Every structure is written in structure tokens, then in C-alpha cells.
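Written below as C-alpha cells is the structure these notes are about.
The values are calculated or read from the model by the stated rules, or taken from the named source; none is laboratory data. The structure presented is a predicted model; accordingly, all values stated were derived computationally and were not measured. Every residue, glycine among them, receives a Cβ derived from its backbone with ideal geometry; neighbour counts consider all protein chains shown. Side chains included, ligands, DNA and RNA excluded: accessible areas come from the protein's heavy atoms. Shrake-Rupley method; radii C 1.70, N 1.55, O 1.52, S 1.80 Å.
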Amino acid sequence: LDRLPVDPGIADGGDRQLTAARGGEDYELLAALPPAFGAANARAFATDTGTPLTRIGEIVFGTDVVFVRGNAPVRITGYDHFA
């Protein structure tokens, strides 16, 4: 959860990473890349495109999305368009 990139100009008076994870109008593109795509590839991509990549986690076998803060899982519900 702490790895989620959030623009420093975003100030909602609360937990910025939690707000970003829950969704809404402020988001970044998420890409799944193969394990062989390492730090050197990410630097080359940023140099070539001017767009930095931020590793926020990994995909493993299972059925749920799990966010972690420290070593503890954090349950996050999605954005509720009707709230």
C-alpha cells in the first residue's frame, strides 16, 4: 500500500494511499510485466519514454487482491459510485 504513487499535491485530509487504492478519479495506469523485467528495464523505459515505472507488488496464484502495509494485510473496498 505504501508503494502506491500518489501525487504530492493530493491532500484529502486522510490517508492518501488508502484513497488512491479505493479508486475514484485520481489514478495511474497499472501494467503487469514479466518477472524478468527488472530495475534496468524500468530505467530504460523511463529514459525512452519520460514515464517512470513504480513497482507496487506482484501477481501470485489466488482469487483476491491483497494490499499490505508493513506486514499486515489491509482490506480495501472498491470505489462506490452510488455512495
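I need the full set of residues from region 37-51 which are aromatic (Phe, Trp, Tyr) and either part of a helix (DSSP H, G or I) or exposed (fewer than 10 other Cβ atoms within 10 Å of the Cβ) (or both), in order please.
Hit for region 37-51 is Phe45, nothing else.
Just to verify a result, which residue in region 52-76, among those that are in a loop (DSSP other than H, G, I, E, B) and in contact with a helix residue (DSSP H, G or I) (Cβ under 7 Å, 6 or more places away or on another chain), is least open to solvent (accessible area, probe 1.4 Å)?
Checked region 52-76; the qualifying residue least open to solvent (accessible area, probe 1.4 Å) is Ile76.
Yes/no per residue for (1) without any contact (Cβ under 8 Å) to a residue 12 or more places away in the chain; (2) in contact with a Leu (Cβ under 8 Å, 6 or more places away or on another chain):
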position: Leu29; (1), (2): yes, no
position: Ala32; (1), (2): no, no
position: Ala36; (1), (2): yes, no
position: Thr63; (1), (2): yes, no
position: Val66; (1), (2): yes, no
position: Ala72; (1), (2): yes, no
position: Ile76; (1), (2): no, yes
position: Asp80; (1), (2): yes, no
position: Ala83; (1), (2): yes, no
